[in-house]
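A.B. asks: One structure follows; several queries about it will come next.
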Amino acid sequence: MKGSPHSPRRQRRALYEASPPSRRLRMSAPLSRELRARFHARSLPVRKGDTVRVMAGSFVGQEERIARVDRQSYTVTLENVTVKTGEEKMTALPVRANRLLLVRLNLADPWRRRMLQVNAEELTPEERGETPAVETPSEGTSAPAVPSDVAPEEKA
């Protein structure tokens with residue numbers, strides 16, 4: 001192939017012929033200031049379960065969780081970022097990883113924790129990938145829900 005090694009044609013060809021590990025590295029997003037200070041890294045490859053802030057496009061400023069990473073097309077699908085199709089159906093809008101900012105990391109994978117040099121003890125339940133447990137009243141102690149701003153009625 002003719003042209004310099006930095007020609008647009010060769011750069012596009014490198015994108016199309018990239019191996020899966022190099023595609024993973026190309027799909028990196030910058031970290032927020034808090035995460036940069038904590039993990040001493042500027043950017044990381046995106047991964048399912050990470051929470052990101054959209055930095056460009058019609059969903060600017062929206063923070064969503066990553067639902068799917070597509071390395072073949074270099075795009076990421078977010079949970080509540082959808083558009084309406086011609087048939088009035090809602091479909092997920094693919095977003096490029098360089099248009100995102102990592103806000104919260106999914107550290108459930110021990111390999112990723114090891115790469116970031118994070119101990120499992122210092123993780124929050126959200127970073128471990130656990131869903132917070134919702135407290136429900138037990139069957140025997142069912143009390144009616146009373147708003148806190150309403151005073152209890154006095155018996156006469």
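The values are calculated or read from the model by the stated rules, or taken from the named source; none is laboratory data. For clarity, every value in this text was computed on a predicted model and none was experimentally measured. Counting neighbours? That spans all protein chains shown, and the Cβs are built from the backbone with ideal geometry, glycine included. Areas reflect the complete protein model, heavy atoms only, side chains present, ligands, DNA and RNA absent. Shrake-Rupley method; radii C 1.70, N 1.55, O 1.52, S 1.80 Å.
A.B. asks: Which members of region 21-35 meet the condition of being exposed (fewer than 12 other Cβ atoms within 10 Å of the Cβ) and among the basic types (Lys, Arg)?
C.D. replies: Hit for region 21-35 is 33, nothing else.
A quick yes/no check of all residues on (1) at pLDDT below 95; (2) under 26 Å from residue 12 (Cβ atoms); (3) among the aromatic types (Phe, Trp, Tyr):
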{"residue": "33", "(1), (2), (3)": "no, no, no"}
{"residue": "38", "(1), (2), (3)": "yes, no, no"}
{"residue": "55", "(1), (2), (3)": "no, yes, no"}
{"residue": "64", "(1), (2), (3)": "no, no, no"}
{"residue": "86", "(1), (2), (3)": "yes, no, no"}
{"residue": "107", "(1), (2), (3)": "yes, no, no"}
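A.B. asks: Another question, then. Mind counting the residues in region 41-92 that are free of Cβ contacts under 8 Å to residues at least 60 places away in the same chain and either touching a Phe, Trp or Tyr at 6+ places or on another chain (Cβ under 7 Å) or of a type in the set (A, V, I, L, M) (or both)?
C.D. replies: 15
A.B. asks: Residues of region 67-84 being of a type in the set (Val, Ile, Thr), open to solvent by less than 40 Å² (accessible area, probe 1.4 Å) and at pLDDT 95 or above, which ones?
C.D. replies: Those that are of a type in the set (Val, Ile, Thr), open to solvent by less than 40 Å² (accessible area, probe 1.4 Å) and at pLDDT 95 or above: 75, 76, 77.
A.B. asks: I'd like the full set of residues that are open to solvent by 30 Å² or more (accessible area, probe 1.4 Å), without any contact (Cβ under 8 Å) to a residue 12 or more places away in the chain and not basic (Lys, Arg), limited to region 1-15.
C.D. replies: 3, 4, 5, 6, 8, 11, 14 - these are the residues of region 1-15 that are open to solvent by 30 Å² or more (accessible area, probe 1.4 Å), without any contact (Cβ under 8 Å) to a residue 12 or more places away in the chain and not basic (Lys, Arg).
A.B. asks: Name the residue, out of 151, 156, that is at pLDDT below 90, open to solvent by 100 Å² or more (accessible area, probe 1.4 Å), out of contact with any strand residue (DSSP E or B) (no Cβ under 7 Å at 6 or more places or on another chain) and in a loop (DSSP other than H, G, I, E, B).
C.D. replies: Within the list 151, 156, the selection yields 156.
A.B. asks: For region 39-87, name all the residues that are among the hydroxyl-bearing types (Ser, Thr, Tyr) and closer than 25 Å to residue 109 by Cα.
C.D. replies: Within region 39-87, the subset among the hydroxyl-bearing types (Ser, Thr, Tyr) is 43, 51, 58, 73-75, 77, 82, 85.
Listed by number, the residues that qualify are 43, 51, 73, 74, 75, 77.
A.B. asks: Which of (1) of a type outside the set (Ser, Thr, Tyr); (2) without any contact (Cβ under 8 Å) to a residue 12 or more places away in the chain; (3) open to solvent by 60 Å² or more (accessible area, probe 1.4 Å) is the odd one out, the single condition residue 18 does not satisfy?
C.D. replies: Only one criterion in (1) of a type outside the set (Ser, Thr, Tyr); (2) without any contact (Cβ under 8 Å) to a residue 12 or more places away in the chain; (3) open to solvent by 60 Å² or more (accessible area, probe 1.4 Å) is unmet by residue 18, namely (3).
A.B. asks: Further question on the same structure: Please identify the pairs in which a residue from region 105-125 that is surrounded by 10 or more Cβ atoms within 10 Å (Cβ to Cβ) has its Cβ atom under 6 Å from the Cβ atom of a residue that is of a type in the set (Gly, Ala, Ser) and modelled with pLDDT of 90 or more, counting only partners at least 6 apart or on another chain.
C.D. replies: The qualifying pairs are 106/49.
A.B. asks: Right, next: Do the conditions hold for residue 38, that is, is it open to solvent by 40 Å² or more (accessible area, probe 1.4 Å) and in contact with a Lys or Arg (Cβ under 8 Å, 6 or more places away or on another chain)? Before you say what the answer is, go through the steps one by one.
C.D. replies: Values: open to solvent by 40 Å² or more (accessible area, probe 1.4 Å): yes; in contact with a Lys or Arg (Cβ under 8 Å, 6 or more places away or on another chain): no.
Criteria not met by residue 38.
A.B. asks: Follow-up. Would you kindly identify the helices (runs of 4 or more DSSP H) lying entirely within region 4-79 that contain at least 1 residues that are out of contact with any helix residue (DSSP H, G or I) (no Cβ under 6 Å at 6 or more places or on another chain) and under 29 Å from residue 130 (Cα atoms)?
C.D. replies: 20-26, 33-39
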